[in-house]
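Chemist: First the structure, which I've put down as C-alpha cells, then a few questions once you've had a look.
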Amino acid sequence: MTKLFERDQSVISRHINNVFKEKELNQKSNMQKMHITKSDKPVVLYSLDMIISVGYRVNSKRGTQFRIWATQTLKDHLIRGYTLNERRLRERGIEMEQAVQLLSRTLTRHNRWGSFHSPQPTGFWRKAISDQINILPCK
C-alpha cells in the first residue's frame, strides 16, 4: 500500500490502525500474517476491503486518483445496475455492445424465471440514490 498510495509506512499503518479502532473492518477477517522462510518478521497481507478503506483515507496524489476512480466506478454501477471492465473486454476481443446485450439477455432470463434477486437499496440509500439519479445529467 505504501507504493500504491505513495505514502510512508507509518502513515499507512496509522490509517490501518484507525480502520480497526473505528470498527470499520474486522481485524481477524481483513489481515493475515504470513511467515516467510529466512525472514525475521512475518509479512502482513490485507484484504481488498482494507486497501479500499485506506485509499479513502490517505492524503496523497495517488490517493486522490484512487478516490476519483472508485467514486466514478461506484456511481456508474449504482446508475446502470452493473459494471463492465471495458479494457478487459477489449483485450479479450469482446465489443462493449456485445457485452451489454449478453448482460441484458441474462438479466431478462433470470427475472422471467424468478431466480435472480438483485438487492435493492432501502431507506436512506434508496432515497439518496434515486435523488442522485434524478439530478444527474444524461450522458
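The values are calculated or read from the model by the stated rules, or taken from the named source; none is laboratory data. These numbers come from a predicted model, not from an experiment. Every residue, glycine among them, receives a Cβ derived from its backbone with ideal geometry; neighbour counts consider all protein chains shown. The accessibility values were calculated without ligands, DNA or RNA, using every heavy atom of the protein model including side chains. Shrake-Rupley method; radii C 1.70, N 1.55, O 1.52, S 1.80 Å.
Chemist: Considering only segment 29-79, state which residues are closer than 20 Å to residue 14 by Cβ, at pLDDT below 90 and of a type in the set (Ser, Thr, Tyr).
Modeler: Within segment 29-79, none qualify.
Chemist: With the requirement that a residue be open to solvent by 50 Å² or more (accessible area, probe 1.4 Å), under 18 Å from residue 67 (Cα atoms) and part of a helix (DSSP H, G or I), what does segment 1-36 give you? Reasoning before the result, please.
Modeler: Initial filter on segment 1-36 (open to solvent by 50 Å² or more (accessible area, probe 1.4 Å)): 1, 3-4, 6-10, 14, 17, 21-24, 26-29, 32-36.
Still in the running and under 18 Å from residue 67 (Cα atoms): 1, 3-4, 6-7, 24.
Answer for segment 1-36, where residues must be open to solvent by 50 Å² or more (accessible area, probe 1.4 Å), under 18 Å from residue 67 (Cα atoms) and part of a helix (DSSP H, G or I): 3, 4.
Chemist: Name, by its number, the condition in (1) in contact with a helix residue (DSSP H, G or I) (Cβ under 6 Å, 6 or more places away or on another chain); (2) touching a residue at least 24 places away in the same chain (Cβ under 8 Å); (3) at negative phi that does not hold for residue 47.
Modeler: Of everything listed in (1) in contact with a helix residue (DSSP H, G or I) (Cβ under 6 Å, 6 or more places away or on another chain); (2) touching a residue at least 24 places away in the same chain (Cβ under 8 Å); (3) at negative phi, residue 47 misses just condition (2).
Chemist: Something else about it: With the requirement that a residue be in contact with a His (Cβ under 9 Å, 6 or more places away or on another chain) and either more than 27 Å from residue 106 (Cβ to Cβ) or aliphatic (A, V, I, L, M) (or both), what does segment 57-84 give you? Show your work before the answer.
Modeler: Narrowing segment 57-84 to residues in contact with a His (Cβ under 9 Å, 6 or more places away or on another chain): 57-58, 83.
Selection gives 57, 58.
Chemist: If residue 39 satisfies every condition in (1) outside any helix (DSSP H, G or I); (2) open to solvent by 80 Å² or more (accessible area, probe 1.4 Å) but one, which is the exception?
Modeler: Against the list (1) outside any helix (DSSP H, G or I); (2) open to solvent by 80 Å² or more (accessible area, probe 1.4 Å), residue 39 comes up short only on (2).
Chemist: How many residues, within segment 56-71, are charged (D, E, K, R) and without any contact (Cβ under 8 Å) to a residue 40 or more places away in the chain?
Modeler: 1
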